[in-house]
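Here's the structure, in structure tokens; my notes come after.
The values are calculated or read from the model by the stated rules, or taken from the named source; none is laboratory data. Everything numeric in this text was worked out from a predicted model, so none of it was measured. Cβ: placed from backbone, ideal geometry, glycine included. Neighbour counts: every protein chain shown.
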Amino acid sequence: MLAELTIAELLEQTAAGTPVPGGGSLSAMAAAAGAALAQMVAGLTAGRPRYADADPAMKKLIASAERLRKDLLAAMDRDAAAYTRVMAALKLPMTNDREKALRAEAVQEATREAARVPLSVAEMALEVMALAQTAVRLGNPNALSDGAVGAFLARAGLRGALCNVRINLQNIRDDAFVARMREKTADLEDRAADLEGAILADINL
């Protein structure tokens, strides 16, 4: 699993000039790092008497961030697998009309999945941004910058994931699927932009 590599090993594999791991996997990793930072801030807040009012929110944040962090790390491999599946479909034989038709459908289905995976990453990254906002607003003020970095990493992960959605949509012939996905990506981008603005206002450094 990619998440089990050391940071140095992961970056070495990414830099190696091979298709995977690539931007999709690292977008998921960025959002996972954002979740870890939000969880860190909550851990530095929960259980401390001076932040007692925030304790319920911080404990809830810890549970949510841990779930998202694990799911995003798993998505690193899901993204790599989806891309590998597209490459495998492109190599299917085309010696007759039947094989050509089977290959075309295999490519299309693999590409649809290659769009679905980063969309799910973007959705999770938006959740991480919301957790980071809670960490910034209610968390230990000494860890404000950590919550801010968590928000920025999640935002970067979301942007990267949506780029991967959109590039795959260019090769999908199912107009209804493409329209639905474009609507979802636009909604996620709008919500992320609004949330980013609110977080920046909260940080005020």
Only one of Ala186, Ala154, Ala179 that is crowded, with 20+ Cβ neighbours inside 10 Å and either out of contact with any Cys (no Cβ under 7 Å at 6 or more places or on another chain) or under 22 Å from Val107 (Cβ atoms) (or both): Ala154
Subset tally (residues that are farther than 17 Å from Ala115 by Cα, assigned to a helix (DSSP H, G or I) and of a type in the set (A, V, I, L, M, F, W, C)) for segment 1-28: 7
Of all the residues that make up segment 41-61, how many are part of a loop (DSSP other than H, G, I, E, B) and either surrounded by fewer than 17 Cβ atoms within 10 Å (Cβ to Cβ) or of a type in the set (Gly, Ala, Ser) (or both)? 3
Looking at segment 53-72 only, could you name the residues that are of a type in the set (A, V, I, L, M) and either in contact (Cβ under 8 Å) with a residue 24 or more places away in the chain or in contact with a Phe, Trp or Tyr (Cβ under 8 Å, 6 or more places away or on another chain) (or both)? Ala54, Ala57, Met58, Leu61, Ala65, Leu68, Leu72
So Gly17, is it without any contact (Cβ under 8 Å) to a residue 24 or more places away in the chain and either surrounded by fewer than 21 Cβ atoms within 10 Å (Cβ to Cβ) or in contact with an Asp or Glu (Cβ under 7 Å, 6 or more places away or on another chain) (or both): yes
Hey, could you check segment 60-111 for residues that are acidic (Asp, Glu) and over 18 Å from the mean Cα position of the chain (by Cα) and say which is nearest to Met1 (Cα to Cα)? Glu109
Tally of residues being in contact (Cβ under 8 Å) with a residue 12 or more places away in the chain and over 18 Å from the mean Cα position of the chain (by Cα) across segment 20-52: 9
Restricted to segment 20-40, and to residues that are in contact with a helix residue (DSSP H, G or I) (Cβ under 6 Å, 6 or more places away or on another chain) and over 15 Å from Ala154 (Cβ atoms), which residue is surrounded by the most Cβ atoms within 10 Å (Cβ to Cβ)? Ser25
Is segment 126-149 home to any residue that is modelled with pLDDT of 95 or more, among the charged types (D, E, K, R) and not in a helix (DSSP H, G or I)? no
Do you know which residues across segment 52-70 are of a type in the set (Asp, Glu) and more than 9 Å from Ala42 (Cα to Cα)? Asp53, Glu66
If we keep only residues of segment 78-97 that are of a type outside the set (Lys, Arg) and buried (at least 18 other Cβ atoms within 10 Å of the Cβ), then the residue nearest to Gly24 (Cα to Cα) is Asp79
Quick check: anything in segment 71-91 modelled with pLDDT of 95 or more and outside any helix (DSSP H, G or I)? yes
